[in-house]
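The values are calculated or read from the model by the stated rules, or taken from the named source; none is laboratory data. Quick caveat, the model's predicted, so the values are computed rather than measured. Because the Cβ atoms are built from the backbone with ideal geometry, glycine has one as well, and the counts that use them run over all protein chains shown. SASA here: full protein model, heavy atoms, side chains in, ligands and nucleic acids out. Shrake-Rupley method; radii C 1.70, N 1.55, O 1.52, S 1.80 Å.
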Amino acid sequence: MSQSSLLAGAATRCITPNPDERPVFLAGFQNNRRATAIDTDLYVRALALRLDERVAVIAACDLIGLDRGDVLDVRAALDTRGIDSSGLVVACTHTHSGPDTLGLWGPDRSVSGVDPLYLASVKQAIVDAVIEALTFCCPARLRCGMTQLPGYIANFRDPGIVDDEVAVLQFVKLDGEVIATLLNLACHPEVLDGDSTLISADYAGYACREVETRVGGVALHVSGALGGMLSPDTNDRTPAWAEHMGRAYAETALTALAAQPTVEVERLDVRRAEFDLPLANPLLLMAQQMGVLRARQPVNGAIITCCTSIDLGPAQIITIPGELLPRLGFELKAMLPGPCRMLIGLADDEIGYILPDDEFIPPADYMNPGKQYEESMSIGPTTGSRLLTVARGLIEDR
């Protein structure tokens, strides 16, 4: 075996809050939606990759999103243990049936729904999962595939633009045992809607469970360009339908993998770019001033965020710090050489919706935006073009 063989490891930690111990304000719909029971557990799932001295780690959390400051806390905790965190990506599935980890869905609009003790436990769980995944890395090969999941996704902002593409990477030991399967789909995990008070990882959690049951290893779901509003195309808002969609997603991904050989990975390149974005949303500024959102301390009216590129040779990953609209997602994925292309949204930050500049119409009233809901949850009108410029630079520099 050559010294440059890819090593892969995976680990999980449960992060399900207990609604019987303290209030759990569910995120993603209206305020004061308190959890009453658990449909499925929530997890942090970590995938670690090593090639010589190069390291990449993807930690996928069954959460609405995490602030950049939370991710920096995780990196700092790893660094203090002597673990280089420069290759870490922390992504959230964006489930709308998990606890408020951002602050917007508390008992009312003026009060944060974040439980600091729970958030601290999540960050510790990420650290623990990352360390375990890195510790138990072993020689691995890669199998990857691209396919589609038609009939399950609708775009409620622009019905003519739907991204139903599924990208899937699977890392296997040399004897064929599965270490981890990384699933990617652009759709809000919100089969369970605002009428539900169940804690759930939604269809994404069911998909991961199905993959793990059928092939073993750890399964991770990461969301693609789900903005504007890519959502499950169903009127059945029950756990049963979330399970149905999850199983269909898993079946589609596994079928695509079955037709592909495993290959040696001879390249692992991780590059990150930090950049400024103007914060031009009065609603978000007000939420920060009230303490509902944690302050980002804008410098000259801008906040700092980042994108990361992970190049595995036949598969490339680009991360986005929020909810990219699918039109921009198609443009960004087309920049990747392939054959397997993966866009991970809500990665290392949650800056809200990211629209094409020419689609951005500022709401007349940010508190009652109407058809401009996505604009009311976006940090500004030039976010899309600025982000794509940065991402393009990372891709072209491979």
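Some observations on this one:
- Cα-centred dipole magnitude for region 1-103, charges only on beta-carbon of K, R (+1) and D, E (-1), debye, nearest 20: 80
- Just so you know, the averaged projected area of the alpha carbon convex hull for region 10-55 sits at 5.0 nm².
- Were the residues from residue 240 through residue 331 laid out at 0.36 nm apart, the gain over their Cα-Cα distance would be 29.3 nm.
- For residue 345, residues with placed amide H under 5 Å, excluding near neighbours: 223, 224, 320
- Note on region 234-362: antiparallel DSSP beta bridges, both residues inside, total approximately 65 percent of the bridges counted.
- Among beta bridges identified by DSSP and lying wholly in the chain, the antiparallel ones come to about 75 percent.
- Derived scalar couplings ³J(HN,Hα) [region 321-329; Karplus, 6.51 cos²θ - 1.76 cosθ + 1.60; whole Hz; x for Gly, Pro]: x, x, 10, 6, 5, x, 4, 6, x
- Binned Cα-Cα distances of the chain, short to long, each 20 Å bin given as a whole percent: 30, 62, 8, 0
- Close amide H partners of residue 103, meaning residues 5 or more places away or on another chain with modelled amide H under 5 Å apart, are 113, 114.
- Sequence-separation-based contact order of the chain, relative, with Cα cut under 8 Å and 6+ spacing, percent: 18
- Summarising the label geometry, the points placed 7 Å from Cα in the beta-carbon direction at residue 80 and residue 264 lie 4.2 nm from one another.
- Electrostatic dipole magnitude of the chain [Cβ: Lys, Arg +1; Asp, Glu -1; Cα centre; debye, to 20]: 500
- Karplus-derived 3J(HN,Hα), 6.51/-1.76/1.60, for each residue of region 114-131, Hz, glycine and proline x: 6, 9, x, 5, 5, 4, 4, 5, 5, 5, 5, 4, 4, 4, 5, 5, 4, 4
- Between amide H atoms placed 1.01 Å from N, distances below 5 Å from residue 220 occur with 181, 182, 183, all of them 5 or more places distant or on a separate chain.
- Projecting the Cα atoms of 293, 277, 304 onto the charge dipole of region 236-311, computed from C-beta unit charges around the Cα centre, puts 293 farthest toward the positive end.
- Positive-end extreme of charge dipole, region 46-130 - chosen from 57, 94, 118 (charges on Cβ): 57
- Value at 222 nm in deg cm²/dmol, rounded to 500, when DSSP H runs of n ≥ 4 in the chain each add -39,500 (n - 2.57): -8500 deg cm²/dmol
- Note on residue 52 and residue 276: their simple-model spin labels are 3.6 nm apart, each label 7 Å out from Cα toward Cβ.
- Charge dipole (Cα centre; +1 on Lys/Arg Cβ, -1 on Asp/Glu Cβ; no other charges) of region 160-290 amounts to roughly 220 debye.
- For residue 379, the accessible surface of its heavy atoms amounts to roughly 10 Å² (probe 1.4 Å, protein chains only, rounded to the nearest 10).
- Rounded to the nearest 10 Å², the accessible area of residue 85 at probe 1.4 Å: 10
- For region 244-345, averaging the sequence separation of C-alpha pairs within contact (under 8 Å, six or more residues apart) and dividing by the residue count gives a relative contact order of 24 percent.
- Under Karplus coefficients 6.51, -1.76 and 1.60, residue-wise ³J(HN,Hα) of region 268-284 in Hz, glycine/proline x: 9, 10, 10, 9, 10, 10, 9, 7, 8, 9, x, 9, 10, 10, x, 5, 5
- Spin-label model, residue 286/residue 396: points 7 Å from Cα along the beta carbon direction are separated by 4.0 nm.
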